[in-house]
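Notes follow the structure.
The values are calculated or read from the model by the stated rules, or taken from the named source; none is laboratory data. Just so it is clear, the model here is predicted, and its values are computed rather than measured. Heads up, the Cβs are rebuilt from the backbone with ideal geometry, glycines too, and the neighbour counts pull from every protein chain shown.
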Amino acid sequence: MERKQEIGLRLRGYRKDSGKTQGKFGESLGLTQGGYSDLERGKNNLTARIKYMLEEIYNINIDYLETGEGERYRQVEELVSDDETDKFYRDQNQRIIFQLQKELELTKKENEFLHKIISTKDEVISALKSGMLKAGDEPEA
């Protein structure tokens, strides 16, 4: 069995321990269900960000996850400091801000497009009302 598949099996065990579905577990890591499923099946490698989140959220021992050796979960003294936790949440907030900005840009473009459609339809209606167009004629763009 490949190393990625072995890691995927151990990852599945952690998810089962948590009682979460692939979708919910993946969501907690910022992944889609499909993206998380690919990790469990050994199709993708774990990124540093995902490893960090597994440690932080689920207290997973990454050494065990990668090698199968040692304790499955981290010991209390290994837990991350408050400064590192604060940095993690700041980084997460930056990621969310970036995503929202991209969504806002897309929404603005969609809005502009819809306004053009509305304007064209208004012109067609006006032209039809004034008798300038007959059925089947194309309006000028």
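Any residue in the range 117-132 that is assigned to a loop (DSSP other than H, G, I, E, B) and either within 25 Å of the chain's Cα centre (by Cα) or at pLDDT below 75 (or both)?
Yes, there is a match, as at least one residue in the range 117-132 is assigned to a loop (DSSP other than H, G, I, E, B) and either within 25 Å of the chain's Cα centre (by Cα) or at pLDDT below 75 (or both).
Is there a residue being part of a helix (DSSP H, G or I), surrounded by 12 or more Cβ atoms within 10 Å (Cβ to Cβ), at pLDDT below 90 and among the aliphatic types (A, V, I, L, M) anywhere in the range 57-65?
Yes; the residues of the range 57-65 include at least one that is part of a helix (DSSP H, G or I), surrounded by 12 or more Cβ atoms within 10 Å (Cβ to Cβ), at pLDDT below 90 and among the aliphatic types (A, V, I, L, M).
Those residues that are touching a Gly at 6+ places or on another chain (Cβ under 7 Å) and charged (D, E, K, R), I need them from the range 19-43; list them, please.
GLU40, ARG41, listed by residue number.
Pick from GLU69, GLU77: which is of a type in the set (Asp, Glu) and modelled with pLDDT of 90 or more?
Just one listed residue meets the conditions, GLU69.
Counting only residues that are surrounded by 19 or more Cβ atoms within 10 Å (Cβ to Cβ) and assigned to a helix (DSSP H, G or I), which one in the range 23-49 is farthest from the chain's Cα centre (by Cα)?
The selected residue is GLU40.
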